[in-house]
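The values are calculated or read from the model by the stated rules, or taken from the named source; none is laboratory data. Remember, predicted model here, so these are calculated numbers, not experimental data. FYI the Cβ positions are ideal-geometry reconstructions off the backbone, even for glycines, and counts take in every protein chain you see.
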């Protein structure tokens, strides 16, 4: 690019009508001139070639992505991660904020992803290492999306669960049980105090535990638990499947007793979720398979916060995400970025409930609560309830007992002295 070519991909905020742009934060490492590399990044994700040969025209003023901010520092040691076939030259580590005109793709999630996470970004000249760190939308763009139907407030109202976390539980064993024993485990956990008993993300409509049978039995068990406890309960059914079955499985699961539906967001696709949201009569809950493939490396891919924002945009009421601790291999600050992406203001889009999960139990509840900083989160043990040595009812009770201690300002370990379920949980899971 010539200096004039490069200049065409730079702008000041004051020069733009920001309602017409989404903002993107990228970290990248480049070989060569960082200013030219950033211009290529804008070009490749928008206009690419901005005029016809021999024609006096320039599509950049309306259609080009524009660099708003660029910070670059030399890396004398070269790229932080060796990349075969990477270009050679002086290496810089850069952070750039780009304004991308959303009129290029419109309020369509597949087209949005193709522009900001596609070929133009990850094959931009001179940039072998790049990570999309964040994405922000103007209200004018968000107005075209419905977002969560229920959100945090709607889910709380359905469960009559206020001023505390929402307590989920992943029924275990997750694979292998037929519908009848699976339903019994859910029933016991509801009696013990769970709000929501859920299918594992890997358990879908399978011949040894068909969704219709499982939902019918869990729906009946849920109603019995509600009658016995006097409080609402939800069975969360996994309907992850081929896109052309989502509506059918929604209707099947809900008619048989499911009060919410789980969808593996990335494998199924966010556009499919947006379609399902238009049809859904119950809350939609996202799970995170495939997200680590985008987000695990700090210098490449897509920050999981971006995926969280997009799941909220598509219409999920709840986002289950990789949580705290070594089990999930996600830095604490990144988990908190995702929690905030669920709850912070997003134009007309309702907040969705963050559920940071991974090997949780009564022993980890206080730590999660302190890190999140409020009660607007979901807590989702698996073995912490269903692997409890006294059974799932006791496992669920241990979670509620731990919360009672936290809410009352009592040390959880002290509360356990008079609550055997909690004491057993701390003994069994306290080292995790």
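Quick notes on this one:
- Residue count for the range 79-93, restricted to those that are surrounded by 15 or more Cβ atoms within 10 Å (Cβ to Cβ) and either over 21 Å from residue 120 (Cβ atoms) or touching a residue at least 60 places away in the same chain (Cβ under 8 Å) (or both): 4
- Selected residue (only one of 359, 398, 367, 413 is assigned to a helix (DSSP H, G or I) and either under 22 Å from the mean Cα position of the chain (by Cα) or not assigned by TED's automatic domain parsing to the domain that holds residue 285 (or both)): 367
- Unmet requirement for residue 135, which otherwise passes all of (1) assigned to a loop (DSSP other than H, G, I, E, B); (2) in contact (Cβ under 8 Å) with a residue 12 or more places away in the chain: (1)
- On the stretch given as the range 379-389, residues that are surrounded by fewer than 22 Cβ atoms within 10 Å (Cβ to Cβ) and under 23 Å from the mean Cα position of the chain (by Cα) total 1.
- In the range 39-60, residue nearest to residue 21 (Cα to Cα) [restricted to those that are in contact with a strand residue (DSSP E or B) (Cβ under 8 Å, 6 or more places away or on another chain) and either outside the structural domain of residue 102 (by TED's automatic domain parsing) or without any contact (Cβ under 8 Å) to a residue 60 or more places away in the chain (or both)]: 42
- Condition broken by residue 330, with the remaining ones in (1) part of a helix (DSSP H, G or I); (2) in contact with a helix residue (DSSP H, G or I) (Cβ under 8 Å, 6 or more places away or on another chain); (3) free of Cβ contacts under 8 Å to residues at least 40 places away in the same chain satisfied: (1)
- Residues that are within 21 Å of the chain's Cα centre (by Cα) and assigned to a helix (DSSP H, G or I), drawn from the range 214-249: 243, 246
- Filtered residue count, the range 241-258, keeping only those that are in contact with a strand residue (DSSP E or B) (Cβ under 7 Å, 6 or more places away or on another chain) and either farther than 25 Å from residue 223 by Cα or buried (at least 24 other Cβ atoms within 10 Å of the Cβ) (or both): 2
- Listed by first and then second residue, the pairs linking a residue in the range 105-130 that is under 18 Å from residue 310 (Cβ atoms) and outside the structural domain of residue 82 (by TED's automatic domain parsing) to a residue that is loosely packed, with under 15 Cβ neighbours inside 10 Å and at pLDDT below 95, with Cβ atoms under 9 Å apart and 6 or more places separating them unless they lie on different chains, form an empty list.
- Boolean, residue 168 is in contact (Cβ under 8 Å) with a residue 40 or more places away in the chain, within 24 Å of the chain's Cα centre (by Cα), under 30 Å from residue 403 (Cα atoms) and outside any helix (DSSP H, G or I): yes
- When we screen 409, 395, 358 for residues that are more than 22 Å from residue 291 (Cβ to Cβ) and touching a residue at least 24 places away in the same chain (Cβ under 8 Å), the only hit is 395.
- Here residue 155 passes the criteria (1) buried (at least 17 other Cβ atoms within 10 Å of the Cβ); (2) outside the structural domain of residue 283 (by TED's automatic domain parsing); (3) under 27 Å from residue 283 (Cβ atoms) except the one numbered (2).
- Subset of the range 300-325 (residues that are under 28 Å from residue 93 (Cα atoms) and either modelled with pLDDT under 95 or not in a loop (DSSP other than H, G, I, E, B) (or both)): 301, 302, 304, 305, 306, 307, 308, 309, 310, 322
- Given (1) touching a helix residue (DSSP H, G or I) at 6+ places or on another chain (Cβ under 7 Å); (2) within 19 Å of residue 168 (Cβ to Cβ), index of the condition residue 346 fails: (2)
- Residue within the range 219-240 that is exposed (fewer than 14 other Cβ atoms within 10 Å of the Cβ), over 18 Å from residue 393 (Cα atoms), touching a residue at least 24 places away in the same chain (Cβ under 8 Å) and assigned by TED's automatic domain parsing to the domain that holds residue 361 present: no
- So residue 60, is it over 21 Å from residue 297 (Cβ atoms) and loosely packed, with under 15 Cβ neighbours inside 10 Å: no
- Residue selection: residue 212 fails the criterion of being assigned by TED's automatic domain parsing to the domain that holds residue 170 and in contact with a strand residue (DSSP E or B) (Cβ under 9 Å, 6 or more places away or on another chain).
- Options 85, 94: the member that is at pLDDT below 95 and under 19 Å from residue 301 (Cα atoms): 85
- Qualifying residue in the range 173-184 (condition: within 23 Å of residue 356 (Cβ to Cβ) and either surrounded by fewer than 16 Cβ atoms within 10 Å (Cβ to Cβ) or assigned by TED's automatic domain parsing to the domain that holds residue 261 (or both)): yes
- Looking only at residues in the range 390-406 that are out of contact with any helix residue (DSSP H, G or I) (no Cβ under 6 Å at 6 or more places or on another chain) and farther than 15 Å from residue 168 by Cα, the one that is surrounded by the most Cβ atoms within 10 Å (Cβ to Cβ) is 391.
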